[in-house]
């Protein structure tokens with residue numbers, strides 16, 4: 001009879017004193033990490049190796065963690081087990097509590113991972129086993145990276161994308177709002193300032209449709225919807241509070257990190273982002289799994305196309321649309337996909353406070369409200385309103401415009417902000433970062449192109465989104481005439497060193513091209 005790791009650990013627990021838990025203040029971003037001193041008796045007895053998976057137990061709770069071996073007693077001493085911030089929160093016991101640790105069994109889905117690495121097509125059960133192990137944090141970062149790269153390099157076929165999406169939405173929480181339709185909107189991203197969700201949600205909710213909108217924080221962009229909404233209200237709220245807000249006000253705008261929807265996706269993203277991997281199959285699975293798990297029955301999907309967007313061409317956009325439609329159909333989700341102009345930022349602001357200013361100006365019908373943001377939001381909201389069986393096709397835009405123009409959208413947004421613990425905000429005097437400089441046109445002409453990636457990078461160098469008031473205030477759009485020395489955009493930074501970084505970047509490449517009007521490339525998109 002073979003002795004299991006658990007049995008061996010119990011035997012060791014009888015002879016070795018339990019370790020004392022220590023909270024190690026290290027953010028390991030979605031990975032549980034444990035720290036053990038090399039001279040610890042348990043380390044020698046168990047034959048641990050660095051980066052191996054261990055099981056930590058205390059007070060009836062257990063977590064899996066990657067082991068780091070420490071030589072510095074200032075980090076953890078011999079009778080201690082250290083846990084990173086994520087791991088400490090997951091275990092849920094006080095510092096100093098007795099803990100035991102043992103080697104973890106290898107994930108049962110590893111053979112399926114090896115088959116994928118060899119280029120084989122996986123079954124529905126294979127994906128379910130892999131995703132369950134990922135959600136339970138049984139995979140190391142190395143194994144996670146292998147899975148992500150294998151799916152990206154081998155490219156999943158559309159059935160595999162469905163299997164992956166279905167598996168991801170089956171782990172974690174799955175909501176049922178007990179009504180129909182439940183609507184949502186998502187943009188695949190890559191366009192600075194594109195804060196249409198913060199306008200669409202109050203318009204749709206004011207009409208009466210249920211729209212529980214959970215959004216992401218920025219990882220590589222200057223601001224996510226949750227970062228911008230956080231300028232106005234709390235977004236990190238317990239699910240029961242959010243549920244009450246949605247029931248009362250028909251909508252919310254919150255961070256999705258606390259909702260436990262498709263938790264495997266959050267783990268996979270922690271690997272995909274540093275590798276800059278965003279393959280079509282993984283994108284579809286990430287988006288649709290969370291929407292289905294959130295209880296949505298109808299989804300409006302925005303795919304921006306442009307030379308500096310995630311999707312660069314119309315053929316690529318149409319292919320992605322077909323994949324989304326196939327998987328959504330298999331998952332029972334009604335999907336409406338719109339292909340939009342992603343050739344430049346939407347609105348003026350790039351950064352949390354600047355984007356919040358634009359949103360509030362549109363909601364309050366301010367004379368300086370950015371018209372491109374208003375029009376795009378109205379078109380998207382109109383398409384969403386047509387999910388309502390009582391709204392005939394083509395009538396949604398007019399209904400959305402009326403809700404915005406007569407103040408119902410602003411009233412609904414203020415109610416949602418108040419319910420989420422909101423605070424006063426003046427769109428005429430937003431709290432911008434104190435240091436700024438302007439980027440000037442180098443020649444007379446017309447703005448012929450704007451590099452979304454470049455302006456987003458400049459905004460991040462200036463401190464966004466960590467410094468909410470930092471970012472780029474765009475003063476020109478494609479097609480606008482300019483004269484030499486005229487300001488193209490203004491950069492705001494909280495600290496002088498960040499202002500200097502952003503300034504150096506603009507001197508290398510300002511991200512805005514000036515030329516003749518006939519040089520402008522017009523995209524044949526829906527809007």
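The values are calculated or read from the model by the stated rules, or taken from the named source; none is laboratory data. Not measured: the values here are computed from a predicted model. Cβ coordinates were reconstructed from backbone atoms using ideal geometry, including for glycine residues, and neighbour counts include every protein chain displayed.
In table form, for the structure just shown:
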quantity	calculated
Single residue of the stretch 421-441 satisfying the filter (touching a strand residue (DSSP E or B) at 6+ places or on another chain (Cβ under 7 Å) and not in a strand (DSSP E or B)) that is farthest from residue 495 (Cα to Cα)	441
Residue satisfying all of: in the stretch 323-373; out of contact with any strand residue (DSSP E or B) (no Cβ under 9 Å at 6 or more places or on another chain) and assigned to a loop (DSSP other than H, G, I, E, B); surrounded by the fewest Cβ atoms within 10 Å (Cβ to Cβ) among these	367
Every residue from the stretch 261-314 that is surrounded by fewer than 23 Cβ atoms within 10 Å (Cβ to Cβ), touching a strand residue (DSSP E or B) at 6+ places or on another chain (Cβ under 6 Å) and part of a loop (DSSP other than H, G, I, E, B)	294, 295, 297
Verdict on residue 320 being in contact with a strand residue (DSSP E or B) (Cβ under 8 Å, 6 or more places away or on another chain), modelled with pLDDT of 95 or more, surrounded by 21 or more Cβ atoms within 10 Å (Cβ to Cβ) and assigned to a helix (DSSP H, G or I)	yes
Residue, surrounded by the fewest Cβ atoms within 10 Å (Cβ to Cβ), within the stretch 224-258, restricted to residues that are under 10 Å from the mean Cα position of the chain (by Cα) and outside any helix (DSSP H, G or I)	255
Subset tally (residues that are without any contact (Cβ under 8 Å) to a residue 60 or more places away in the chain, closer than 17 Å to residue 30 by Cα and out of contact with any helix residue (DSSP H, G or I) (no Cβ under 6 Å at 6 or more places or on another chain)) for the stretch 237-268	3
Filter result (touching a helix residue (DSSP H, G or I) at 6+ places or on another chain (Cβ under 8 Å) and either under 24 Å from residue 63 (Cβ atoms) or crowded, with 22+ Cβ neighbours inside 10 Å (or both)) within the stretch 102-115	102, 103, 104, 105, 107, 108, 109, 110, 112, 113
Which listed residue is in a helix (DSSP H, G or I), assigned by TED's automatic domain parsing to the domain that holds residue 387, under 30 Å from residue 396 (Cβ atoms) and in contact (Cβ under 8 Å) with a residue 24 or more places away in the chain, from 202, 192	202
In the stretch 134-145, the residues that are more than 16 Å from residue 166 (Cβ to Cβ) and part of a helix (DSSP H, G or I)	141, 142, 143, 144, 145
Failed criterion for residue 380 (all others in (1) without any contact (Cβ under 8 Å) to a residue 12 or more places away in the chain; (2) in contact with a strand residue (DSSP E or B) (Cβ under 7 Å, 6 or more places away or on another chain) hold)	(1)
Qualifying residue in the stretch 482-500 (condition: closer than 30 Å to residue 382 by Cα, in contact with a strand residue (DSSP E or B) (Cβ under 7 Å, 6 or more places away or on another chain) and surrounded by 13 or more Cβ atoms within 10 Å (Cβ to Cβ))	no
Matching residues, the stretch 159-185, being exposed (fewer than 15 other Cβ atoms within 10 Å of the Cβ) and in contact (Cβ under 8 Å) with a residue 24 or more places away in the chain	173, 174, 176, 179, 180
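Quick grid of which residues meet (1) more than 18 Å from residue 191 (Cα to Cα); (2) in a helix (DSSP H, G or I):
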position: 446; (1), (2): yes, no
position: 453; (1), (2): no, yes
position: 459; (1), (2): no, yes
position: 467; (1), (2): yes, no
position: 476; (1), (2): no, no
position: 485; (1), (2): yes, no
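One line per residue, one yes/no per condition, for (1) in the same structural domain as residue 479 (by TED's automatic domain parsing); (2) closer than 22 Å to residue 253 by Cα; (3) buried (at least 18 other Cβ atoms within 10 Å of the Cβ):
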residue: 378; (1), (2), (3): no, yes, yes
residue: 387; (1), (2), (3): no, yes, yes
residue: 393; (1), (2), (3): no, no, no
residue: 400; (1), (2), (3): no, yes, yes
residue: 404; (1), (2), (3): no, yes, yes
residue: 415; (1), (2), (3): no, yes, yes
residue: 425; (1), (2), (3): no, yes, no
